[in-house]
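The next block holds one structure in the form of structure tokens; read it before the comments.
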Amino acid sequence: MVSRPMLEIVSLQKCFGDNVILRDINLKVAQGELVFIIGPSGSGKSTMLRCCNRLEEPSGGDVIVDGRNIMSGTRRDLDLMRLKVGMVFQGFHLYPHMSVLNNVTLAQRKAMGRTAEEAKARAMDMLERVGLAHKADAMPAQLSGGQQQRVAIARALALDPLVMLFDEPTSALDPELVGSVLAVMKDLKAKGMTMLVVSHEMGFARETADRVIFMDGGVVVEEGAPDEIFGAPKAERTQAFLSRVTR
Amino acid sequence: MQNFLHTFFDPNVMARYLPDVLSGMMVAIWIGAAVVVAGVTAGLALACLRTYRIAICDVFIICFADIFRALPPLVLILLLYFGLPGVGVRLSGPVVLFVVLSLTLAAFAEEIFWAGFSSIEKGQWEAGISTGLGFGGTLVYVALPQAVRLAIPPLVNRVLAITKMTALGSVIGVLEILSAATTAQSFSGSATPLSLAAIAYLVLFLPLVFAARMFERRREQSLGR
Ligand SMILES: Nc1ncnc2c1ncn2[C@@H]1O[C@H](COP(=O)(O)OP(=O)(O)OP(=O)(O)O)[C@@H](O)[C@H]1O
Ligand SMILES: [Mg+2]
């Protein structure tokens, strides 16, 4: 890799009590790269993602975002770092008591210190980008799951993140709504966003991912280009997993 | 019939004691309003404090809420009013009434707000925190508004129940509605002042009950969409 990685995970460990979930994870994600993460249920994919913005506190190791180690620094640094690391959840988690617009402006105003006008302008741009500018005044409950997830993406994008983390962004969606969210993610990738995606959408991975990581037992078992991993996986565990999920 | 009207609605007695009952109403309104403001504010503050999950604070808050929800306010009122002077602290009747009812309301309000906080899904906190709002920001802008919304219906009922207890002031000489009426009743020998008191309570509380009902209906409609 020529330039320094946008996101670097160095011997990351995470235990819940005696339960070791992440044993030793090492991963570099270059600027503009989309890294796709697969692995069996319980293999620690979500945990790894959540360690990248310290939603989950790592038990050991380092996470470096744009050259900054997120494990050091004050609380304020931590919140500033979180602005730079966007996170999209399986369950959307829009704020149900606020309009779509306010969902997207809240952290801009209260965490970034943008004025109401700046925040609104930026929010409308981002809603436009996910195709939902016309829903700015709607309440989240009035939107479909796919629309809610796109608002959640806009909410994260509005904070000008350097990296976006996606934890099974389409798993809670009806099949006919998955495409709209994947299209937004594809567009993001085309515009140069650095992305770490946990998902079961293998077709999307083949088309869009630069690299696929197979995780199991708290380590990265295998990584490579999508064609390598899906076409000719080397490790036995990868083969077994893929044959299970792709029939 | 004549007898009934004379006993409960004697116009002369009414005219004679109406001013007393009215001034009792003012006292009840003032104390009631102060109790609502203090009790709800304290209850909300305690519930917010509890979201930080600081073990020692939680123990204190839970003990407070359980004790003050268990104790009959009348017992506390008598204890403070007749007991404290024994250790050199003399509180006036209205102050004792205010303190006891505020603490009681705070205890119930804390539990109601806490139930609201507890039913907010974890993802809401995670969304707030992962967008850099921090715990405090997420509490204020994300969790609190949702918790308050959930708390309003049970809170309104509890507020009504506790503000009515200003009538307990009559046992420690607070000149609120009921004590004005019982005093008048013993002077006049007529039950009419007590009827006046009942009417006064209706005038005070029926609009509140009605408002609560309207609020609840609007809420159901907005939830049903
Ligand atoms: N807060 C927690 N406390 C204790 N154990 C936890 C906690 N969070 C996760 N775990 C455990 O860590 C393991 C990995 O969980 P994680 O959610 O990271 O897996 P995953 O790979 O995302 O799985 P899935 O595909 O089902 O989402 C699981 O066995 C889970 O039970
Ligand atoms: Mg997961």
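The values are calculated or read from the model by the stated rules, or taken from the named source; none is laboratory data. Computed from a predicted structure; not experimentally measured. Cβ sites come from the backbone with ideal geometry, for glycine too, and all protein chains shown count toward neighbours. In case anyone asks, the SASA skips ligands and DNA or RNA and just uses the protein heavy atoms, side chains included. Shrake-Rupley method; radii C 1.70, N 1.55, O 1.52, S 1.80 Å.
Quick rundown of the values:
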| quantity | calculated |
| --- | --- |
| B:GLY123 within 14 Å of chain A (Cβ to nearest Cβ) and surrounded by 19 or more Cβ atoms within 10 Å (Cβ to Cβ) | no |
| Test: A:VAL29 is out of contact with any Asp or Glu (no Cβ under 7 Å at 6 or more places or on another chain), within 14 Å of chain B (Cβ to nearest Cβ), open to solvent by less than 10 Å² (accessible area, probe 1.4 Å) and within 30 Å of A:GLY146 (Cα to Cα) | no |
| Leading residue by the ranking (farthest from ligand 2 (Cβ to nearest atom)) among those in region A:44-66 that are among the hydrophobic types (A, V, I, L, M, F, W, C) and in contact with an Asp or Glu (Cβ under 7 Å, 6 or more places away or on another chain) | A:ILE64 |
| Given (1) among the aliphatic types (A, V, I, L, M); (2) open to solvent by 10 Å² or more (accessible area, probe 1.4 Å); (3) closer than 30 Å to A:SER3 by Cβ, index of the condition A:ALA121 fails | (3) |
| Residue in region A:132-140 that is surrounded by fewer than 22 Cβ atoms within 10 Å (Cβ to Cβ), basic (Lys, Arg) and in contact (Cβ under 8 Å) with a residue 12 or more places away in the chain present | yes |
| Residue check, B:LEU160 under 30 Å from B:MET14 (Cβ atoms) and under 14 Å from the mean Cα position of the chain (by Cα) | yes |
| Residue match in region A:14-25 (condition: surrounded by fewer than 23 Cβ atoms within 10 Å (Cβ to Cβ) and within 14 Å of another protein chain (Cβ to nearest Cβ)) | no |
| Set A:GLY224, A:GLY218: member being under 30 Å from A:ASP18 (Cα atoms) and open to solvent by less than 30 Å² (accessible area, probe 1.4 Å) | A:GLY218 |
| Verdict on B:GLY136 being touching a Lys or Arg at 6+ places or on another chain (Cβ under 8 Å) and open to solvent by less than 40 Å² (accessible area, probe 1.4 Å) | no |
| Residue match in region B:110-119 (condition: closer than 28 Å to B:GLU176 by Cα, in a helix (DSSP H, G or I) and open to solvent by 60 Å² or more (accessible area, probe 1.4 Å)) | no |
| Qualifying residue in region B:110-121 (condition: in contact with a His (Cβ under 9 Å, 6 or more places away or on another chain), farther than 24 Å from B:LEU160 by Cα and touching a residue at least 12 places away in the same chain (Cβ under 8 Å)) | no |
| Qualifying positions in region B:8-35 - open to solvent by 30 Å² or more (accessible area, probe 1.4 Å), farther than 17 Å from B:TYR201 by Cα and in contact (Cβ under 8 Å) with a residue 40 or more places away in the chain | B:ARG16, B:ALA34 |
| Within region A:121-158, tally of residues that are within 14 Å of the chain's Cα centre (by Cα) and closer than 23 Å to A:GLN31 by Cβ | 5 |
| Matching option when the condition is in a helix (DSSP H, G or I), β-branched (Val, Ile, Thr) and surrounded by 13 or more Cβ atoms within 10 Å (Cβ to Cβ), among B:ILE56, B:ILE67, B:ILE62 | B:ILE62 |
| Scan of region A:52-75 for residues that are away from chain B (no Cβ under 12 Å), of a type outside the set (A, V, I, L, M) and touching a strand residue (DSSP E or B) at 6+ places or on another chain (Cβ under 6 Å), ordered by number | A:PRO58, A:SER59, A:GLY60, A:GLY61, A:ASP62, A:ASN69 |
| Answer residue from region A:99-117, given it is under 17 Å from B:LEU144 (Cβ atoms) and facing chain B (nearest Cβ under 8 Å) and is surrounded by the most Cβ atoms within 10 Å (Cβ to Cβ) among those | A:ALA107 |
| Answer from A:LYS45, A:LYS84 - the residue that is open to solvent by less than 50 Å² (accessible area, probe 1.4 Å) and either among the basic types (Lys, Arg) or within 19 Å of the chain's Cα centre (by Cα) (or both) | A:LYS45 |
| The lone exception for A:SER46 - which of (1) away from ligand 1 (no atom under 16 Å from the Cβ); (2) within 14 Å of chain B (Cβ to nearest Cβ) it fails | (1) |
| Those residues of region A:87-98 which are more than 24 Å from A:MET195 (Cα to Cα) and either open to solvent by 60 Å² or more (accessible area, probe 1.4 Å) or aliphatic (A, V, I, L, M) (or both), in sequence order | A:PRO96, A:MET98 |
| Any hit, region A:22-43, residues being without any contact (Cβ under 8 Å) to a residue 60 or more places away in the chain, more than 13 Å from ligand 2 (Cβ to nearest atom) and closer than 28 Å to A:ALA240 by Cα | yes |
